[in-house]
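K.L.:
If you scroll down you'll find the structure; I have some questions about it.
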Amino acid sequence: MRQVLSFTLEWRCNWKLAIENFCESYHVFKVHPKTVEPAWPTRTMDILPSGEGYNLHRRTPAPDADSIRLKNSYFKSLRNVDKGQYVNLACLFPAHAMSIKEGMVAWICPRPVDVDCTRVQVGCAMLDEDGQAHTEEAIAAIERRLTTFIGEDQAIVESVQRGLRSGALPNAHCTAWERPNRDFQRYLAHRILGTG
């Protein structure tokens, strides 16, 4: 496996919001309705047992994912996938998240710059196919896909940050789907305050 791309973005948000976004898949149906959701629907998410310093979940492709990929320009460059293939997601606290599927690992690493500024490093590593390196065209297509859906995440996270600053967002209880964020918050409380 070799790294095929890496780039850095600057988000106008607190780093904890950025990592919370990547620690759960519950937001996908709302934030990525035309990019990620059609092929890996939120309803297929399975939150796996987590541990100290990490959480895991996975998504299975939609039953008609192959036909969706053919119709959806976001997925046109992806190959057909077995119906049983999973996309595994892992968040390693405090600031690493990755998506793992056969032959590919994509990751993000948000790092604080200031209270309302986060530098987000994005990367991807892939197995070479039959001993052949991926073409520049294939790598550029992957970078476009990553940039597209991470841009969708950036827009919503920056919007949440503005809402938090305004004081207009109400407090609400987390749903069971948001357990990965509670895991992250407990990790921070334990590390910072010595509580659990």
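Read-outs throughout are calculated quantities, based only on the coordinates presented, and are distinct from any laboratory measurement. Just so it is clear, the structure is predicted and the values come from calculations on it, not from any experiment. Neighbour counts run over all protein chains shown; Cβ positions are idealised from the backbone, glycine included.
K.L.:
By average Cβ neighbour count within 10 Å, what is the ranking of 33-39, 178-184 from highest down?
P.N.:
178-184, 33-39
K.L.:
Based on Cβ point charges of +1 for Lys and Arg and -1 for Asp and Glu, what charge dipole magnitude is obtained for the range 12-61 about its Cα centre, in debye rounded to the nearest 20?
P.N.:
Charge dipole of the range 12-61: 240 debye, to the nearest 20.
K.L.:
Kindly put I108, I156 in sequence by how many other C-beta atoms sit within 10 Å of each C-beta, fewest to most.
P.N.:
Sorted ascending by nearby Cβ count, the order is I156, I108.
K.L.:
With only Lys, Arg, Asp and Glu charged, each at its Cβ (+1 for the first two, -1 for the last two), find how big the charge dipole of the range 121-191 is about the Cα centre; round to the nearest 20 debye.
P.N.:
820 debye
K.L.:
Tell me, I192, I150, I19 in order of fewest to most beta-carbon neighbours within 10 Å?
P.N.:
Least to most surrounded, the residues fall as I192, I150, I19.
K.L.:
Which aspartates and glutamates, if any, have their Cα less than 15 Å from the Cα of K16, not counting same-chain residues under 8 positions apart?
P.N.:
Correct list for K16: E24, D114, D116, D153, E158, E178, D183.
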